Structures are given as C-alpha cells and as structure tokens.
C-alpha cells in the first residue's frame, strides 16, 4: 500500500464542506472590500523567494521545496503567497493600471518542517494584497478586512496584536542596538541566532528556542527607535482602528518571519485550540517590489492558514453549516421503475435540485436506509402501480408524511416545500 506523504492530509467528502465554508466567507468578505481573486503558479523560480522572502529567513534557509527541473533550472514550490503575487503584478504590467491594486488568493503552499497540529508541509492560505498606497488608511482597511473575515467565520476569541518595525532608516539604528544588546549573550544562544546576529538581528527576536527566549525577552523595543514619520504612521493606524471600533493590543515582540515587512505588522491570535498561536498575520512591505527589480511600490497584506482556522472554529464550537442534503432520492422497485427513477432524477437536476437514485440494485428497504444516510429531504418511490398512474409516492423524511405526486409536478412540489 502506498501511504500519503508525511506532512500532508486528505480532505474527505465528509469534511470538505467546512473548507468550502471558510473559502466562501473569504471570497465574499474580500470582494466586499473591492478585492478580486488572483491565481499564480504553484512553483516559481527559486530566485523569486530568495530575493523576495529573504535569505536570512527560516523559510528560505531551511524549509523550501527546491529542485532542478529537466532543463536544469532551480524551481521552488511556493512557501507563501505574497512573492508570487508581486511577481505577477510586475510581469503583467499592473503597475500601470488602476491603483490601488487589490487582490486575494486561496492557495496551497509548501514548507519542509516538522508536522504538528495546524501546521503541515502542504498547507492552505487565504491571503490579501493591496498595492499602491503608503497611507495608514490602507493598513487600517487591510486589518479591517482581516477582522471582518474572522468575525464572519463566527470566531469570538481572536485577538489583534499590532507593532511597527519601522523603515530601513530607523531600523538600522535598532539593529545596531540589538547587536550591542545580544553580543554578551551570543555564546549561550543557538546556532541560528549566531548566524542571524550578523545578517539580521531582528530575526533573533523570533527564535523559538527556550534557551534564547530568556535573552530576547529583555531586548530593546523597535517602538523606541521609530523615526518621526514611522511613529506618525503607526499612531494614525491605531487611531483609525480605534475609531472603527476594533480592539487591539500593541505587542512590541511582533516582527513577523519574513524579511520583506516594514512599518505596520499585525497578528490575530487565539488560544482556543491550545497554546496561543497566530491564525492570521501580515503587515506592510513597501520594499518588496523594489527588491524584485521593479519600481518601488508601497504594499500591505496578510495571510491566514486555513488548517489552523478550522482547528479554532472547532475549538470555539463555532457554527459551521452542514453539508447540503440531497433534495430527493428516487427509489425504483423493479427494472422499469429504476429506469424511470433514473430519468426523472435527471429532470429534477435540470430544475436545480440535488437528486440521487439507486446504482447498486438495492432492495427498497436498503434504498431507504441509504437515502436516510444521505440526509435526503424526500424519497420518491416508483413501482409498477406508480408507473401506470404516472405519479410517485413521495415521503417527507422529516415527518414521514407521504402523498402521491404526478411525475411532471414533482420538481415544483419539492421546491415548494423548501
């Protein structure tokens, strides 16, 4: 037997309606804010992620699925969505179009890491990207989109945390302060932190090693190093959110795990599924398009992991609609009536009804059991007398009421009972 690869998961028919619920809410919410869907390839040239995501990140350094294609070119399965959208924006000349550019995506993504609850090697994301505005209004609107999405899902215990990591100018001073702070402890820190110390000491703040956390907890705060412009931007974002009635907490420890972020960064977290974890995160990344060789264009966005969202929905006992039931099961008692049931089911489907009929030559009793497992609203029984009369015996499975309905009236009868 060939088993599923480690870190991947099947989504079976019994559960797929939960995924569709999240995806439908994502699409509806994003489009309500003027965002349109974008779809990009599942693999890109490796250089895109090296330049866009950042070579100092764990994603690029440790987790990417990278291989040579048959032409000897290095390609990578996308580990996140933003870099691919940025590439598409540049390559398709969208910088010359109407601004701001607003796009959302529902993607699978791939990272080679240790599988755990809510974190797989193949995972799925809902993300949104807004290009062309450096205004704090764009940050606030993007955060509002995320907030609406989570509330539309029915989540009530999710909390918003905000921070600013400044611009390259004020961040340079902060990085120098971090190096001065961490230098005395460097010998006692992990190898990753030692590597990040010279390349990007802010990455050290994101370290998950317990031995390093005792040092990162006392590190200088970026908020104390913000330049006047970055400070004013952050204050404006907070003011807009407060005026919109969105609760938040300023959390100076948020740096996000990818190198392209600048200024506003944010996370929506929940402890409903156990240890506190991020269910949605994002921020501003004004330098990304410039890093990819295009005209610098301000941008802000977020991504949410669908697997973790589903865990939190379950933990909060949030109401998720059940799978839509079959409207009518048509049961045939003999061969001529099975033919009629088969053809009548097709007629009902043309009227927009979900119908099934027997495909396994079951007995009438077995067909009723199957219809009950399907959750069918009605069962229409057809036998010799029903064929002669041109009418089915229709049973309402909710109250067991039964009545004769002409074949030509069956669709309207079922529609009228909705």
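None of the figures in this text is laboratory data; all of them are computed from the coordinates on show. Small disclaimer: the values here were computed from a predicted structure and weren't measured. Please note: Cβ atoms are built from the backbone with ideal geometry, for glycine as well, and neighbour counts cover all protein chains shown.
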Rounded to 10°, Cα long-axis angle of helix 16-32 versus longest principal axis of the chain: 60
For the stretch 328-416, share of DSSP beta bridges that run antiparallel, in % to the nearest 5: 55
Förster-model FRET efficiency, 60 Å R0, residue 365 and residue 119, C-beta, rounded to 0.05: 0.80
Length released on extending from residue 412 to residue 151, taking residue separation times 0.36 nm less the Cα-Cα span: 90.3 nm
(1) 26.0; (2) 24.0; (3) 24.8, with the label sought being that of the calculated Kirkwood radius over Cα pairs in Å: (3)
Principal-axis tilt of helix 228-243 within the chain, Cα atoms, nearest 10 degrees: 30
Full-stretch length increase - residue 194, residue 401 - with 0.36 nm per residue and alpha-carbon distance subtracted: 67.1 nm
Computed FRET value (nearest 0.05) for residue 271 with residue 69, which takes r as the C-beta separation and R₀ as 41 Å: 0.45
Tensor-based shape of the stretch 184-278 (alpha-carbon gyration tensor, a/c under 1.5 rounded, otherwise prolate or oblate): oblate
Cα gyration tensor shape of the stretch 328-416, rounded if a/c is under 1.5, else prolate or oblate by comparing a/b with b/c: rounded
Net length gained if the chain between residue 108 and residue 217 were fully extended (0.36 nm per residue, minus Cα distance): 35.9 nm
Percentage relative contact order, the stretch 328-416, counting C-alpha pairs under 8 Å, at least six apart: 30
Cα-based shape type of the stretch 120-188, given that a ≥ b ≥ c are square roots of the gyration tensor eigenvalues and the cut on a/c is 1.5: prolate
Relative contact order (percent, whole number), the chain, Cα cutoff 8 Å, 6+ residue spacing: 15
Highest to lowest packing among 367-380, 388-401, 21-34, scored as the average C-beta count within 10 Å: 367-380, 21-34, 388-401
Folded to 0 to 90 degrees: helix 136-152 orientation relative to the chain principal axis, Cα: 30
Separation of alpha-carbon centers, the stretch 1-32 and the stretch 114-188, rounded to whole Å: 24
